[in-house]
C-alpha cells in the first residue's frame, strides 16, 4: 500500500477516534514529539491532546470533511482538510468551519502525526 493510501486510511481512523474520544487510537496516531497549533495560537503536545480527550474537555460531535488534499513527499505526507466541526471544549460550544493541516511521518510503527495546526475559516464576506 502506498504511503498516500496509508495516510488516507489513517485520516479515517483519526476522525473516528476524535468522534469517539478513543484516546488509545489517538495515542497510536500521534508522534511522541507532536507539536500542534490550535485556533487560540497555543501549541500543544501529544500528552496535552490526549489529556483533552481523556478528561472529557474536548468533545467532538460531528466532523464533515468537505475538502481534503493529501501530498506525499518521500516518507512525509501532508494533509490539508477543510471541515465543518461540531463539538465543545470545556464549556465553549464549537460549530464552524476549520482548516486542519497535518504532517504525517512514516515510522517503523506506522504513520504518525508529527505536526499540525487548525484555524477557523471565516464566513463568506468576513475577514
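FYI, it's all coordinate maths here, none of it is from the lab. What you see is a predicted model, and the numbers here were worked out from it, not measured in a lab. Because the Cβ atoms are built from the backbone with ideal geometry, glycine has one as well, and the counts that use them run over all protein chains shown.
For this structure, a couple of remarks:
- Selection from region 5-44 of residues that are touching a strand residue (DSSP E or B) at 6+ places or on another chain (Cβ under 6 Å) and either free of Cβ contacts under 8 Å to residues at least 40 places away in the same chain or loosely packed, with under 13 Cβ neighbours inside 10 Å (or both): 43, 44
- Restricting 114, 121 to those that are surrounded by 11 or more Cβ atoms within 10 Å (Cβ to Cβ), closer than 18 Å to residue 14 by Cβ and under 16 Å from the mean Cα position of the chain (by Cα) reduces the list to 114.
- Odd one out for residue 49, checked against (1) crowded, with 16+ Cβ neighbours inside 10 Å; (2) closer than 16 Å to residue 10 by Cα: (2)
- Every residue from region 82-97 that is surrounded by 14 or more Cβ atoms within 10 Å (Cβ to Cβ) and under 24 Å from residue 54 (Cβ atoms): 83, 85, 86, 87, 88, 89, 94
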